[in-house]
Amino acid sequence: MSTAVAEEPMLKCAECGRENETARIYCHDCGTKLDRASLAQIKRSANEETPEDAHRRLQGMFNARGVNARLWSVRIAKLVLGAGAAAIVLLAVLPPDVPLVVKSQELPAQINMDLEMMTLYHRPAALKYAEKDVNAFLSNALRSKKEALTYSILDFERALVAFTPGVCQATVERSIFGYSLYTTGVYRAEVSGGKLVVTPTGGAIGRLPIHPALAKYLTYLQMDVAGTMGRERRLLEKVGIIEFGNKEVAFSAATTAPTH
């Protein structure tokens, strides 16, 4: 393959018109001294950029900048998405504010027996329990059901509740390889037509809040725990009113006691 070689400019003699090599000082034919000042003009003309060349050069520059800008945009977008995903995972694995496990030698309140007496005989007509008493009851009631609530490497640890006016917050702690994971559902509950109606209003996985519209799907993660408390659920369906207050829950008997 031949390579094109740029043609060397020539010095034209002003006297006889002979074209001489740029290295000559005097004309090859007539010996007249050559005007070397014209050589600089010839070189400048040869190096001048045509408008077409300038357009192509500028277009290439802007195209390269555009490509670089797109590459940086993609990199920044990936960085932002990666940081967002990392933040979501971090919030999901961080433990929420829940009380520590406290072992007590005291016998917890027999809430199920109290509810049974109230629903059968209206004695007493109303019951009220502090949050800590309900959690002590749950801990005792679920102790024998841990095996049924454990799946493969996901171990059931405990379930606990927190009460605020109008709502009950239920948290289930499970562990994998000794590391705890938490799911929390926020519910409203009422007895209507002899049925316990539970409405999810929010929740969280770890410290990651769940939108209320998605809270119903979070309920599926806690259904197995609720399913093991079948007796207590049936008793609650027989009460008249359930009221959640600040760190306490109250039950009132139905207007009329069932006949036996």
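Before moving on, here are some points about what is shown:
- All helices (runs of 4 or more DSSP H) inside segment 135-252 with 3 or more residues being touching a strand residue (DSSP E or B) at 6+ places or on another chain (Cβ under 7 Å): 215-219
Residue-by-condition table, conditions (1) in contact with an Asp or Glu (Cβ under 7 Å, 6 or more places away or on another chain); (2) polar (S, T, N, Q):
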site: CYS168; (1), (2): no, no
site: ARG174; (1), (2): yes, no
site: THR183; (1), (2): no, yes
site: VAL191; (1), (2): yes, no
site: LEU208; (1), (2): no, no
site: THR219; (1), (2): no, yes
site: ASP224; (1), (2): no, no
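- Selection status of LYS195, out of contact with any His (no Cβ under 7 Å at 6 or more places or on another chain) and touching a residue at least 24 places away in the same chain (Cβ under 8 Å): yes
- Pairs linking a residue in segment 147-170 that is within 15 Å of LYS132 (Cβ to Cβ) to a residue that is β-branched (Val, Ile, Thr) and open to solvent by 70 Å² or more (accessible area, probe 1.4 Å), with Cβ atoms under 9 Å and 6 or more positions apart or on different chains, are ARG158/VAL101.
- Counting the residues of segment 112-125 that are open to solvent by 20 Å² or more (accessible area, probe 1.4 Å), of a type in the set (A, V, I, L, M) and assigned to a helix (DSSP H, G or I) gives 3.
For (1) within 25 Å of ALA92 (Cβ to Cβ); (2) modelled with pLDDT of 95 or more; (3) surrounded by fewer than 16 Cβ atoms within 10 Å (Cβ to Cβ); (4) over 26 Å from the mean Cα position of the chain (by Cα), each residue gets a yes or a no:
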residue: GLU157; (1), (2), (3), (4): yes, no, no, no
residue: ALA189; (1), (2), (3), (4): no, no, no, yes
residue: VAL197; (1), (2), (3), (4): no, no, yes, yes
residue: ARG233; (1), (2), (3), (4): no, no, yes, yes
residue: LEU236; (1), (2), (3), (4): no, no, no, yes
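- You will find that of LYS128, LYS132, the residue that is touching an Asp or Glu at 6+ places or on another chain (Cβ under 9 Å), modelled with pLDDT of 90 or more and surrounded by 13 or more Cβ atoms within 10 Å (Cβ to Cβ) is LYS128 and no other.
- Verdict on GLY245 being surrounded by 18 or more Cβ atoms within 10 Å (Cβ to Cβ) and modelled with pLDDT of 90 or more: no
- Yes/no for THR255 being outside any strand (DSSP E or B) and β-branched (Val, Ile, Thr): yes
- Any hit, segment 205-214, residues being open to solvent by less than 30 Å² (accessible area, probe 1.4 Å) and either of a type in the set (A, V, I, L, M) or at pLDDT 95 or above (or both): no
- Residue that is nearest to the chain's Cα centre (by Cα), among those in segment 161-187 that are within 20 Å of LEU236 (Cα to Cα) and open to solvent by 70 Å² or more (accessible area, probe 1.4 Å): GLN169
The values are calculated or read from the model by the stated rules, or taken from the named source; none is laboratory data. As the structure is a prediction and not an experimental result, all values here were calculated from the model. Positions of Cβ are generated from backbone atoms using ideal geometry, with glycine treated the same way; all protein chains shown enter the neighbour counts. Areas reflect the complete protein model, heavy atoms only, side chains present, ligands, DNA and RNA absent. Shrake-Rupley method; radii C 1.70, N 1.55, O 1.52, S 1.80 Å.
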